[in-house]
Amino acid sequence: MNGKTCLVTGATRGIGLATARALALRGATVLLHGRDSQLGEEVTAALVRETGNTALRFVRADFMHLDEVRELAAQLSRLPRIDVLINNAGLMEGARRARRCTAEGYDATFAVNHLAPFLLTNLLLATLRRSAARVVVVASEAHRRARLDFADLMNARVSFLRAYERSKLANLLFVRVLARRLAGSGVTVNAAHPGLVASELFRSSPAPLRFVLATVVRPFMRSNARGAGTSVYLATSPEVEGETGGYFIDCHRVTPSAAARCDEAAARLWEESVRLTGLTPE
């Protein structure tokens, strides 16, 4: 990956940090995204010391604010190239009573997990095309339990787990449409399932769930490094050169749910996402 520039969102902890580490060890220039400036700078400096790769930089944006996503995209669009974009940043909210909304009034889970990467990726398309980039979206097998409800995209009537499942379905529908829109451009778009990882994704979950995960389930959970494996594979491997529109588990392409293959839902979600983010249609 020498000479390649990679952007990893949500890279200051968990799977994102493990992904950034793997790319740094392969010689890439890595842009580590996060929302906490102090933590981001500390993590980046530590990773430089650990890997010996000095071509690492922290970039900040809070995905709870779409204006900050726009500012980040404007900053990164000035780069000569972005060879890899890994949309890894994710959120799982706590119990329903703790439901949060973003600065725009959108459900936090839907906004951070879908709208923010949708907007960021679209705003960077010129740079990604110029670089014949690989775009990787971190999805989840949780999508198989979901159906989108366009009358309740902001998840006002569902639990925090259902909201998360819907956002992961949205990730796969996004990949489906974007891959088709970019066909022939040299840009590839694929989704990855990291597995059940002992990351900090569940830190805002209700206490009973955190207890079960920390005791009963923990021995069966993957490390962050293993969870990052498929994302790194899609970002670097010559085996998937030119492959696009796929969903991968443990570095193998698999078929997602029927809901994730619904072209009507995918097209409608794209239209709604354009409207909600204020994106100017191409």
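The values are calculated or read from the model by the stated rules, or taken from the named source; none is laboratory data. The model shown is predicted, which means the values in this text are computed figures rather than measured ones. Note that we place each Cβ from the backbone using ideal geometry, even for glycine, and neighbour counts take in every protein chain shown.
Scan the stretch 24-54 residue by residue and report those that are in contact (Cβ under 8 Å) with a residue 12 or more places away in the chain and in a loop (DSSP other than H, G, I, E, B).
Scanning the stretch 24-54 gives Arg26, Gly27, Ala28, Arg35, Asp36, Asn53.
If you scan the stretch 241-260, which residues turn out to be part of a helix (DSSP H, G or I) and under 19 Å from the mean Cα position of the chain (by Cα)?
Within the stretch 241-260, just Ala260 meets the criteria.
Just need a number here: residues in the stretch 85-115 that are exposed (fewer than 15 other Cβ atoms within 10 Å of the Cβ) and of a type in the set (Gly, Ala, Ser).
3
Residue by residue through the stretch 21-48, note down the ones that are closer than 23 Å to Leu115 by Cβ and not hydroxyl-bearing (Ser, Thr, Tyr).
Leu31, Leu32, His33, Gly34, Arg35, Asp36, Gly40
If we scan the stretch 77-84, do we find a residue that is buried (at least 24 other Cβ atoms within 10 Å of the Cβ), of a type in the set (D, E, K, R) and under 23 Å from Val175 (Cβ atoms)?
Taking every residue of the stretch 77-84 in turn, none turns out to be buried (at least 24 other Cβ atoms within 10 Å of the Cβ), of a type in the set (D, E, K, R) and under 23 Å from Val175 (Cβ atoms).
Name the residue that is surrounded by the fewest Cβ atoms within 10 Å (Cβ to Cβ), counting only residues in the stretch 116-147 that are hydrophobic (A, V, I, L, M, F, W, C) and under 14 Å from Lys4 (Cα atoms).
Ala132
Do we find that Ala228 is at pLDDT 95 or above and hydrophobic (A, V, I, L, M, F, W, C) in this structure?
yes
Can you spot a residue in the stretch 55-70 that is in contact (Cβ under 8 Å) with a residue 60 or more places away in the chain, surrounded by fewer than 18 Cβ atoms within 10 Å (Cβ to Cβ), in contact with a helix residue (DSSP H, G or I) (Cβ under 8 Å, 6 or more places away or on another chain) and over 23 Å from Met154 (Cβ atoms)?
Scanning the stretch 55-70 turns up no residue that is in contact (Cβ under 8 Å) with a residue 60 or more places away in the chain, surrounded by fewer than 18 Cβ atoms within 10 Å (Cβ to Cβ), in contact with a helix residue (DSSP H, G or I) (Cβ under 8 Å, 6 or more places away or on another chain) and over 23 Å from Met154 (Cβ atoms).
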